[in-house]
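The values are calculated or read from the model by the stated rules, or taken from the named source; none is laboratory data. Since we're looking at a predicted model, the values are computed, not measured. Counting neighbours? That spans all protein chains shown, and the Cβs are built from the backbone with ideal geometry, glycine included.
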Amino acid sequence: MKSDCFIDTNIWVYALLEASNSDVRQQTALSLLQNLPATASIMVSTQVINEFHWTLARKYRLADDVIQDKAINGIVAFASTVLPLELVTYLQASEIRKRHNLSFWDSLIVASALQSGCTTLYSEDMSHGTTIEKRLHIVNPFH
């Protein structure tokens, strides 16, 4: 039986940006995304797609059409589900933020992952090995 996992923005940025073949982070991120579908359904939220777009536009100065192509042919192609952000997500994120001392944005990611039933959240930004709400395990694939 497949389990559900959530992939945070930074993993997508590393995987989908063109880099040299010696870029260890890109290789790790790509390997994760290519191997997960055999064991897990990949989930993302609209927040992840929005953060991905913002990062590629602001930090890497890519054109919107290039970014949109990477988002659709990259993130959406790999992900089983793109979850919307709803009021209940925001409210749950506020509670998670208080209990776990996370940033606002990270708490939204965690809330989305929990609401979708994910058991693993892959992120470079959160503490590797942490378990949130006794059911969501944080894994830093670069750890």
Among helices (runs of 4 or more DSSP H) entirely inside segment 2-76, those with 2 or more residues being polar (S, T, N, Q) are 9-16, 24-35, 46-58
Reported set for segment 47-70 where residues are out of contact with any helix residue (DSSP H, G or I) (no Cβ under 8 Å at 6 or more places or on another chain), farther than 25 Å from Ala113 by Cβ and charged (D, E, K, R) is Arg61, Asp65, Asp69
Given (1) closer than 22 Å to Thr120 by Cα; (2) at pLDDT below 95, Ser20 misses just (1)
The residue from Ser107, Ser127, Ser112, Ser94 that alone is of a type in the set (S, T, N, Q) and part of a loop (DSSP other than H, G, I, E, B) is Ser127
In segment 55-88, residues that are under 16 Å from Tyr14 (Cα atoms), surrounded by fewer than 12 Cβ atoms within 10 Å (Cβ to Cβ) and charged (D, E, K, R) total 3
Do the conditions hold for Val88, that is, is it more than 14 Å from the chain's Cα centre (by Cα) and either at pLDDT below 95 or farther than 18 Å from Phe52 by Cβ (or both)? yes
Scanning segment 94-126 for residues that are surrounded by 23 or more Cβ atoms within 10 Å (Cβ to Cβ) and without any contact (Cβ under 8 Å) to a residue 24 or more places away in the chain, the one nearest to Met43 (Cα to Cα) turns out to be Ala111
Among residues of segment 34-54 being at pLDDT 95 or above and surrounded by fewer than 16 Cβ atoms within 10 Å (Cβ to Cβ), the residue farthest from Tyr90 (Cα to Cα) is Trp54
